[in-house]
Amino acid sequence: MIDKLEEVERRFERLTADLSNPEVLADSTKLLKVSKERAGLEKLVESFRSYRKVLADLKEVEAWLEGSDADEKAYAREALPGLKAQRDEQEAQLKLLLLPKDPNDEKNVILEIRAGAGGDEAGLFAEEVMQMYLRYAMLKGWSAEVVDLSPGSVGGVKDATITLSGSGVYSHMKYESGVHRVQRVPATEAQGRIHTSTITVSVMPEAEEVDVQINPADIEMQVMRSTGSGGQSVNTTDSAVRLIHKPSGIVVKCQQEKSQTKNRTQAMRMLRAKLYEIEQERIRSERDSMRRGQVGTGDRSEKIRTYNFPQDRLTDHRISLTVHNLPALMAGGIEDVITACRTHYQAEALKQQTGAPAPTSPSPRA
């Protein structure tokens, strides 16, 4: 591990020198590439330097323990346990930082939420989850935009599509894909019986044009009037856009903007994301078919979470996590749950890579 870390440090130092190179400074594309790569290595290099200092301190203290000076021996006996704990903690952190990075982690996200089983109650819960993610995005300082929304018959939403833009959005949101189940007494339930409903959440990394090449001849565009609530002219002009990708059969639509051109641009973003997700899934399946039968793959068809309102409890079934205070969670306070999922899957990835379990951060209290 040390050899690999020293190699990374040398690469980091070369990149740092490149930032002062007039050739690099004169080329904006190259400068951006160098800056981005350097920024991606900075945390790892800083952690390695801190780890190396702890190793040096530990070696010195162990030498004092073997010496003849009584004061140095006493200090060494007192300092040794703390230094060993620091060493172990930083070593575990370095192993996590050395894991291969998901190339999509820094991408923005296309988030789709759809009502599932449960009728009107599913639609109402779909809207609540949508608002939960919008509030979470606001707390994270991300930009969020609802690009398509189909309202339910008695409120709520049948389906909604949102774009989330910011730093490392996909790395935070990628484990939210799946079936979310709600258990509660609907407002329309006269006898107070608890109903179970479901919604599906799909999180797709937003693809750039260079990630997905789309032949314009493969796209059929349809225009129509927007439906649902809106301002002046939203329901009176053919501004809504539906794109049909003929080879795959994928259909996307966008109607939130007054401009047909803007709606088409948003719809193309959604189409690229869907095609990119299909290609990524194909690559993942070919690369590691053994994972397909494992629980916790993040597949959107699996039940990942239950929101039990009578017991004020959220349970993530993949990582056996239970937390309480649903009002705070639905208000966007889901950072601890998302962090617990990320920590769990990082530890799983490390275990697969090294064959040994990795230390994990404490989960939120149940």
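Below, the figures for the structure above:
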| quantity | calculated |
| --- | --- |
| Loop sites in the stretch 1-101: trypsin sites (Lys or Arg not before Pro), DSSP, at most 11 other Cβ within 10 Å | 101 |
| Global geometry of the stretch 1-149, whether rounded, prolate or oblate, following the gyration tensor of its Cα atoms and the 1.5 cut on a/c | oblate |
| Exposed GluC sites (Glu not before Pro) absent - longest run of the chain, DSSP non-H/G/I/E/B, at most 14 other C-beta within 10 Å | 1-188 |
| Most fluctuating residue given options 247, 151, 103, as computed from a GNM of the chain linking Cα atoms under 10 Å | 247 |
| DSSP-defined beta bridges in the chain - what % are antiparallel, rounded to 5 | 90 |
| Cα long-axis angle, helix 120-140 against the chain (0 to 90 degrees, to the nearest 10) | 40 |
| Cα long-axis angle, helix 28-66 against the chain (0 to 90 degrees, to the nearest 10) | 40 |
| The chain: relative contact order as a whole-number percent, Cα under 8 Å and 6+ apart | 14 |
| Net charge contributed by nearby residues that have their C-beta within less than 15 Å of residue 20 (K/R +1, D/E -1) | -1 |
| The stretch 1-63-the stretch 80-140 distance, computed between alpha-carbon centres (Å) | 27 |
| The chain, accessible area per residue, ligands and nucleic acids excluded (1.4 Å, Å²) | 55 |
| Distance in nm between pseudo-label sites at residue 52 and residue 71 (7 Å out along the Cβ direction from Cα) | 3.1 |
| Per-residue SASA entry for residue 134, accessible area with 1.4 Å probe, Å² rounded to 10 | 40 |
| Segment residue 105-residue 84, extension gain: residue separation times 0.36 nm, minus the distance between their alpha carbons | 4.3 nm |
| Order of exposure, largest accessible area first, which applies to 339, 163 with probe 1.4 Å | 339, 163 |
| Sum of side-chain charges, residue 240 neighbourhood, beta-carbon under 12 Å (Lys, Arg +1; Asp, Glu -1) | +3 |
| Inter-site label distance for residue 60 and residue 29 at 7 Å from Cα along Cβ, in nm | 4.9 |
| Nearest 10 degrees, 0 to 90: helix 260-287 Cα axis against the chain principal axis | 50 |
| Theoretical ellipticity at 222 nm over the chain - DSSP helices of four or more residues, -39500 (n - 2.57) apiece, nearest 500 | -15500 deg cm²/dmol |
| The chain: most fluctuating residue of 200, 29, 322 per GNM, C-alpha cutoff 10 Å | 29 |
| Most fluctuating residue given options 123, 67, 178, as computed from a GNM of the chain linking Cα atoms under 10 Å | 67 |
| Counted charge near residue 257, where neighbours are those whose Cβ lies closer than 15 Å (Asp, Glu -1; Lys, Arg +1) | +4 |
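The values are calculated or read from the model by the stated rules, or taken from the named source; none is laboratory data. Note that the structure is a prediction, hence the values are computed from the model and not measured. With ideal geometry, Cβ positions are generated from the backbone for all residues, glycine too; neighbour counts draw on all protein chains shown. All accessible areas refer to the heavy atoms of the entire protein, side chains included, with ligands and DNA or RNA removed. Shrake-Rupley method; radii C 1.70, N 1.55, O 1.52, S 1.80 Å.
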